[in-house]
Amino acid sequence: MSDYNWCHGPSCHTNKTQDRIRGVKGSKVLRTRKIAINKWNENNVWSHFCSQGCWNDFMHEHWNEFIALHPRTECRETPIEVEVETRTDYFGNPYKQKAIREVDNA
């Protein structure tokens with residue numbers, strides 16, 4: 001396995017930054033950013049994207065393909081309990097507040 005990945009942002013190679021200029025005079029290019037794999041990013045999105053902007057560009061361009069690969073055909077639900085708590089404000093006046101707590105069904 002390689003110790004780095006290239007950024008998957010569709011326009012990463014067009015960002016005008018000094019750190020990605022390569023080549024000799026007369027044939028210079030802007031290159032996609034190289035991302036070193038380390039413990040911080042080895043199992044998340046930042047092992048394939050150099051910035052939030054590149055991630056957003058990729059998702060903007062490919063969101064419909066992602067939805068097609070991972071369709072959600074059913075709603076998701078979290079079991080909760082709603083309790084009404086009586087609290088007091090700064091002046092000592094009571095008021096009611098709803099508290100939502102998740103239920104552990106394990």
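The values are calculated or read from the model by the stated rules, or taken from the named source; none is laboratory data. All values reported here derive from a predicted model rather than from experimental measurement. Neighbour counts are summed over all protein chains in view; Cβ atoms, including those assigned to glycine, are modelled from backbone coordinates with ideal geometry. Protein only, heavy atoms only, side chains kept; ligands, DNA and RNA dropped before computing areas. Shrake-Rupley method; radii C 1.70, N 1.55, O 1.52, S 1.80 Å.
Confirm whether Trp55 is in contact with a helix residue (DSSP H, G or I) (Cβ under 7 Å, 6 or more places away or on another chain) and either assigned to a helix (DSSP H, G or I) or open to solvent by 100 Å² or more (accessible area, probe 1.4 Å) (or both).
On the way: in contact with a helix residue (DSSP H, G or I) (Cβ under 7 Å, 6 or more places away or on another chain): yes; either assigned to a helix (DSSP H, G or I) or open to solvent by 100 Å² or more (accessible area, probe 1.4 Å) (or both): yes.
Spelling it out, Trp55 is indeed in contact with a helix residue (DSSP H, G or I) (Cβ under 7 Å, 6 or more places away or on another chain) and either assigned to a helix (DSSP H, G or I) or open to solvent by 100 Å² or more (accessible area, probe 1.4 Å) (or both).
In the stretch 26-37, the qualifying residues are those that are among the small types (Gly, Ala, Ser) and in a loop (DSSP other than H, G, I, E, B), and the one that is nearest to His8 (Cα to Cα) is Ser27. Of the residues Thr14, Thr78, Thr32, Thr86, the single one that is on the phi < 0 side of the Ramachandran plot and in contact with a helix residue (DSSP H, G or I) (Cβ under 6 Å, 6 or more places away or on another chain) is Thr32. Could you identify the single residue in Trp63, Trp40 that is part of a helix (DSSP H, G or I) and either within 18 Å of the chain's Cα centre (by Cα) or surrounded by 10 or more Cβ atoms within 10 Å (Cβ to Cβ) (or both)? From the options Trp63, Trp40, the qualifying one is Trp63. Going by what's in this entry, would Lys96 be described as farther than 30 Å from Tyr4 by Cβ, open to solvent by 100 Å² or more (accessible area, probe 1.4 Å), free of Cβ contacts under 8 Å to residues at least 24 places away in the same chain and not polar (S, T, N, Q)? So Lys96 fits the description; yes.
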